[in-house]
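Taking it in order: structure first as structure tokens, then the write-up.
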Amino acid sequence: MRSLGLDRPEGEASRQRCSAGLGAGEGALVEGGGMEQISSPLTTHVLDTASGLPAQGLCLRLSRLEDHGQQWTELKKSYTDSDGRCPGLLPPGPMKAGTYKLSFDTEGYWKKKGQESFYPYVEVVFTIANETHRFHVPLLLSPWSYTTYRGS
């Protein structure tokens with residue numbers, strides 16, 4: 001895998017773990033569980049704007065920035081389901097206040113589709129100040145672009 005000048009050893013290792021994950025057609029499974037719907041305070045929805053369909057089977061990781069040493073701690077690794085969603089990112093209840101990161105393995109997703117892409121991964125970093133709110137992070141994705149926003 002070639003470097004784009006973003007020397008992030010943690011990111012490289014994480015992308016390799018995602019790439020070694022599920023094969024085609026297995027993306028509806030949640031690591032460590034089944035297809036159960038869990039009311040998580042954090043949700044995401046990935047849409048493949050090139051096809052107009054949900055991005056099924058895209059590997060993603062949720063991490064939290066820890067104060068000691070400013071290190072990212074991975075909380076969950078999962079895959080989007082057939083609707084492009086990732087149920088159960090966090091257990092029900094309040095989120096711990098802090099800085100979080102959703103990392104999407106876009107290169108792995110496009111490779112499975114036989115498509116070259118410009119962005120090998122997308123990282124969305126956000127801060128949670130109010131622990132009682134619910135948060136939605138959508139990702140609109142094509143091989144050459146992406147966009148996100150804080151959804152409701």
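The values are calculated or read from the model by the stated rules, or taken from the named source; none is laboratory data. Everything quoted here is computed from the prediction, not taken from an experiment. For accessibility, only protein heavy atoms count, side chains too; no ligands or nucleic acids. Shrake-Rupley method; radii C 1.70, N 1.55, O 1.52, S 1.80 Å.
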Accessible-area order for Trp110, Trp144, Trp72, largest to smallest, probe 1.4 angstrom, reads Trp144, Trp72, Trp110
With every protein chain left in place and a probe of 1.4 Å, what is the accessible surface of Lys96, to the nearest 10 Å²? 110 Å²
On a full-extension model of 0.36 nm per residue, what is the gain between His136 and Gln71, subtracting their alpha-carbon distance, rounded to one decimal in nm? 21.0 nm
